[in-house]
Amino acid sequence: MKKNAKVSNKQAFRDFQIEETYEAGIELKGSEVKSIRAGRASLKGAFARVDNGEVFLYNMHITPYEFANEDIDPVRVRKLLLHHSQIHQAEVKISQKGYALVPLRIYFRRGYAKVELGIGKGKKLYDKRHDLKKKEADREMQRAMKHKNK
């Protein structure tokens, strides 16, 4: 995870095995950009879908900017901007059973809001348990090394 990530989807890493990532531009209104810069957005439960050769982001919540004059639906469908070749690659991959296009984080690059999309395969319950055990073992090892060095 990079330092400049404004909003991240930690649940996606727990529920999916991410195999490939894409960087996509996102079509936003002016006040939505200000809300994202303030960190007032959520990717929890968000997903992307390919419709008619275009990629759309669903269920992403952006809290309305308090000083804005316009009234925007916080969970409206937002269009994502990708190259045609990337859209085709993603469409082929997610057409396979068990794969999904999941937003991982939102960040700014050169003043433009970007979404990192991941093609992920859903984890089974036993995979999640295995990852938790591995993470706990790594923590224990780090603690032991820290105490050993003191």
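The values are calculated or read from the model by the stated rules, or taken from the named source; none is laboratory data. If you're wondering where the values come from, they're calculated on a predicted model, not measured in any experiment. Heads up, the Cβs are rebuilt from the backbone with ideal geometry, glycines too, and the neighbour counts pull from every protein chain shown.
Number of residues in the stretch 2-46 that are under 14 Å from Ile106 (Cβ atoms), crowded, with 16+ Cβ neighbours inside 10 Å and hydrophobic (A, V, I, L, M, F, W, C) equals 10.
The conditions of being within 20 Å of the chain's Cα centre (by Cα), β-branched (Val, Ile, Thr) and assigned to a strand (DSSP E or B) are not met by Ile87.
Could you say which residue among Glu91, Glu66, Glu116, Glu70 is surrounded by fewer than 18 Cβ atoms within 10 Å (Cβ to Cβ), in contact with a Lys or Arg (Cβ under 8 Å, 6 or more places away or on another chain), of a type in the set (D, E, K, R) and on the phi < 0 side of the Ramachandran plot? Spell out the reasoning first.
Numbers: Glu91 fails: in contact with a Lys or Arg (Cβ under 8 Å, 6 or more places away or on another chain); Glu66 fails: in contact with a Lys or Arg (Cβ under 8 Å, 6 or more places away or on another chain); Glu116 fails: surrounded by fewer than 18 Cβ atoms within 10 Å (Cβ to Cβ).
Only one candidate qualifies: Glu70.
Would you check if Leu57 is more than 19 Å from Gln11 (Cα to Cα) and part of a strand (DSSP E or B)?
Working: more than 19 Å from Gln11 (Cα to Cα): no; part of a strand (DSSP E or B): yes.
Taking the combined requirement at face value, the residue does not satisfy it.
If you go through the stretch 33-58 and pick out every residue that is within 15 Å of Tyr22 (Cβ to Cβ) and among the β-branched types (Val, Ile, Thr), you end up with 2.
Can you pull out every residue in the stretch 116-150 that is of a type in the set (Lys, Arg), part of a helix (DSSP H, G or I) and free of Cβ contacts under 8 Å to residues at least 24 places away in the same chain?
Residues of the stretch 116-150 that are of a type in the set (Lys, Arg), as a first pass: 121, 123-124, 128-129, 133-135, 139, 143, 146, 148, 150.
The next check asks that each one be part of a helix (DSSP H, G or I); those that pass are 128-129, 133-135, 139, 143, 146, 148.
Hits for the stretch 116-150 are Arg129, Lys133, Lys134, Lys135, Arg139, Arg143, Lys146, Lys148.
Of all positions in the stretch 19-27, at least one carries a residue that is at pLDDT 85 or above, among the acidic types (Asp, Glu) and under 13 Å from the mean Cα position of the chain (by Cα).
Checking each residue in the stretch 77-108 for being basic (Lys, Arg) and over 21 Å from Lys10 (Cβ atoms) picks out Lys79, Lys93, Lys97. Of all the listed residues (Lys6, Lys29, Lys44, Lys34), the sole one being touching a residue at least 12 places away in the same chain (Cβ under 8 Å), of a type outside the set (A, V, I, L, M, F, W, C) and within 30 Å of Tyr126 (Cα to Cα) is Lys44. None of Arg76, Arg110 is free of Cβ contacts under 8 Å to residues at least 24 places away in the same chain and over 17 Å from the mean Cα position of the chain (by Cα) except Arg110.
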